[in-house]
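S.K.: Pasting a structure here, questions to come.
The values are calculated or read from the model by the stated rules, or taken from the named source; none is laboratory data. Source: prediction; values computed, not measured. Every residue, glycine as well, gets a Cβ built from its backbone with ideal geometry; the counts of neighbours run over all protein chains shown.
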Amino acid sequence: MKIMAINAGSSSLKFQLFNMPSETVIIKGIFERIGFETPEMIYTIDGKKTKEKVSIFNHGDAVDLLIHLLLSNHLIEDLSEIKAIGHRVAQGGSYFKSATVIDDFVVGKIEELAEFAPLHNPASVQGIQAFMGKMPDALSVAVFDTAFHQTMAPETYLYPIPYEFFQKYNIRKFGFHGTNHHYVSKEAARILNSRIENMKVISCHLGNGVSICAIDHGKSVNTSMGFTPLAGLMMGTRSGTVDPSIVPYMMEKTRTDIHGILSILNKKSGFLGISGISNDYRDVEEAAKWGHERAQLALKMFLSRIREYIGAYVAFMDGVDAIIFTGGIGENSAVVRNDILSNMTYLGVRIDKDLNNRNAISIHQPDSKVKLLVIPANEELMIAREAWCISERQTVAEFK
Ligand code: AMP
């Protein structure tokens, strides 16, 4: 059975087609600059990467082209071979607690929830509608970034502000990156030959966006992002959590309106804001090596906040069996992992520096009380798994 995983942005459409349940990737790629002057399609089949300029005007055109690509390369002989399409949706609010078959009602709900994710949810709806229009017989499944965190308890997800703000406006912690935190925690159990139901895990997603998640018995019990992905740790361009009182003070001092300040906190802070060089970890690390003081400071701030959250979540769960590193920085930077983990001897964390330098999957010493794992992020595979599980139980014909 073939399952397509889709991640639609306002001007992009990422796709990956899997054979299930073997989970082999048939094709993966992205349409970029949709709606702009020079849209491009980049895709990989059998390890061969192709990049082409394309003439498309919207997401529907991109889907037409994708279908043509699949048929002309004989990756499928008929559209009916694709049983389901899993769509990444950023914000499922308190309403969606798991992956869900999409119908008109669900599309309406995703649109309604756009007030919490104004950039992302409308783009997902564009992707969903494009595929529903072109491939009406495939089952459409929404996989929400927030759903995994719906298991948090009220004392964790509520902010200590007047309760009416939750009752009237649903202001609460939602958490994000849930699809990947879910995926890597399951992978950790598989790698350690254990059951996720018996484990306490801390998953560190360190990429351009950064979040840490405490996972107890397979369920998210706490996470660093909040009502929006601005909260928590320091990121590429996002500040993470700051004292909210600095917002009016910044407005007053710089005579900037609230949107301008929010833009500074979202787009000009983090690595970029402190280093003054770049939002990209590699650039900052390189500059730090050459003695750039603000780049060195940015790295120290990044690392100390990660240690702070890991410590908090160990206390929160009363222990930890495994710490996972994922995302572009977590998967690739031996320096970051070493700096974080070398200072946790009190927890019985013992990193194997040699394995760590080689970016091995398991990077702990045999007597380490806490297992240390490096697991590449793979949201697309998790989306395909969720869509596959649902389609196994229910075909689109039964659903309709
Ligand atoms: P992501 O958002 O998961 O794609 O991660 C992007 C971040 O990963 C950027 O800050 C990159 O600098 C960082 N990154 C990617 N490759 C490496 C690498 N080989 N070593 C260190 N950081 C990396």
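S.K.: Does the range 51-66 include one or more residues that are in contact with a Ser or Thr (Cβ under 9 Å, 6 or more places away or on another chain), in a strand (DSSP E or B) and of a type outside the set (Asp, Glu)?
M.R.: Yes, the conditions are met somewhere in the range 51-66.
S.K.: Tell me, which residue of the range 280-316 that is among the acidic types (Asp, Glu) and within 11 Å of the ligand (Cβ to nearest atom) is nearest to the chain's Cα centre (by Cα)?
M.R.: Of the range 280-316, the ones among the acidic types (Asp, Glu) are 280, 283, 285-286, 293, 308.
Filter again for within 11 Å of the ligand (Cβ to nearest atom), leaving 280, 283, 285-286.
On the way: Asp280: 17, Asp283: 22, Glu285: 23, Glu286: 26 Å.
The residue in question is Asp280.
S.K.: Which residue, of Asp318, Asp352, is of a type in the set (Asp, Glu) and over 25 Å from Phe148 (Cα atoms)?
M.R.: Details: Asp318 fails: over 25 Å from Phe148 (Cα atoms).
None of the other options fit; the residue is Asp352.
S.K.: Considering every residue within the range 239-259, establish whether at least one is away from the ligand (no atom under 16 Å from the Cβ) and within 21 Å of Ser94 (Cα to Cα).
M.R.: No: zero hits.
S.K.: Scan Ile264, Ile277, Ile323 and give me the residue that is of a type in the set (A, V, I, L, M, F, W, C), more than 22 Å from Gly178 (Cα to Cα) and more than 16 Å from the ligand (Cβ to nearest atom).
M.R.: Criteria check complete, one pass: Ile264.
S.K.: Inspect the range 215-223 for any residue being without any contact (Cβ under 8 Å) to a residue 24 or more places away in the chain and part of a loop (DSSP other than H, G, I, E, B) and give the result as yes or no.
M.R.: Quick first cut of the range 215-223, residues without any contact (Cβ under 8 Å) to a residue 24 or more places away in the chain only: 217.
Checking which are part of a loop (DSSP other than H, G, I, E, B) leaves us with 217.
Yes, the range 215-223 has at least one match.
S.K.: If you take the residues of the range 205-238 that are more than 16 Å from the ligand (Cβ to nearest atom) and among the small types (Gly, Ala, Ser), which of them is surrounded by the fewest Cβ atoms within 10 Å (Cβ to Cβ)?
M.R.: Step by step, filter the range 205-238, then rank; the result is Gly218.
Per-residue answers, yes or no, for (1) under 23 Å from Thr241 (Cα atoms); (2) of a type in the set (Ser, Thr, Tyr); (3) at pLDDT below 95:
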{"site": "Ser140", "(1), (2), (3)": "no, yes, no"}
{"site": "Pro154", "(1), (2), (3)": "yes, no, no"}
{"site": "Leu158", "(1), (2), (3)": "yes, no, no"}
{"site": "Tyr169", "(1), (2), (3)": "yes, yes, no"}
{"site": "Phe174", "(1), (2), (3)": "yes, no, no"}
{"site": "Ser194", "(1), (2), (3)": "no, yes, no"}
{"site": "Met199", "(1), (2), (3)": "no, no, no"}
{"site": "Leu206", "(1), (2), (3)": "yes, no, no"}
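S.K.: Taking Leu355 as the residue in question, decide whether it is away from the ligand (no atom under 15 Å from the Cβ), in a helix (DSSP H, G or I) and either touching a helix residue (DSSP H, G or I) at 6+ places or on another chain (Cβ under 9 Å) or modelled with pLDDT of 95 or more (or both).
M.R.: Yes.
S.K.: If you go through the range 104-123 one residue at a time, how many are surrounded by 13 or more Cβ atoms within 10 Å (Cβ to Cβ) and outside any helix (DSSP H, G or I)?
M.R.: Here the count works out to 2.
S.K.: How many residues does the range 336-350 contain that are crowded, with 17+ Cβ neighbours inside 10 Å and part of a helix (DSSP H, G or I)? Break it down into steps so the answer makes sense when it comes.
M.R.: Here is the first cut: in the range 336-350, the ones crowded, with 17+ Cβ neighbours inside 10 Å are 336-337, 339-341, 344, 347, 349-350.
Still in the running and part of a helix (DSSP H, G or I): 336-337, 339-341, 347.
Counting residues in the range 336-350 that are crowded, with 17+ Cβ neighbours inside 10 Å and part of a helix (DSSP H, G or I) gives 6.
S.K.: Output the residues belonging to the range 178-204 that are within 16 Å of the ligand (Cβ to nearest atom), of a type in the set (Gly, Ala, Ser) and assigned to a helix (DSSP H, G or I).
M.R.: Gly178
S.K.: Among (1) part of a helix (DSSP H, G or I); (2) in contact (Cβ under 8 Å) with a residue 60 or more places away in the chain, where does Gln296 come up short?
M.R.: The number of the failed condition is (2).
S.K.: Ok, one more. Please go through the range 39-62 and give me each residue that is touching a residue at least 24 places away in the same chain (Cβ under 8 Å) and among the aliphatic types (A, V, I, L, M), ordered by number.
M.R.: Selection gives Met41, Ile45, Ile56, Ala62.
S.K.: If only one of Phe316, Phe302 is touching a strand residue (DSSP E or B) at 6+ places or on another chain (Cβ under 9 Å) and either surrounded by fewer than 23 Cβ atoms within 10 Å (Cβ to Cβ) or under 21 Å from Ala188 (Cα atoms) (or both), which one is it?
M.R.: Phe316
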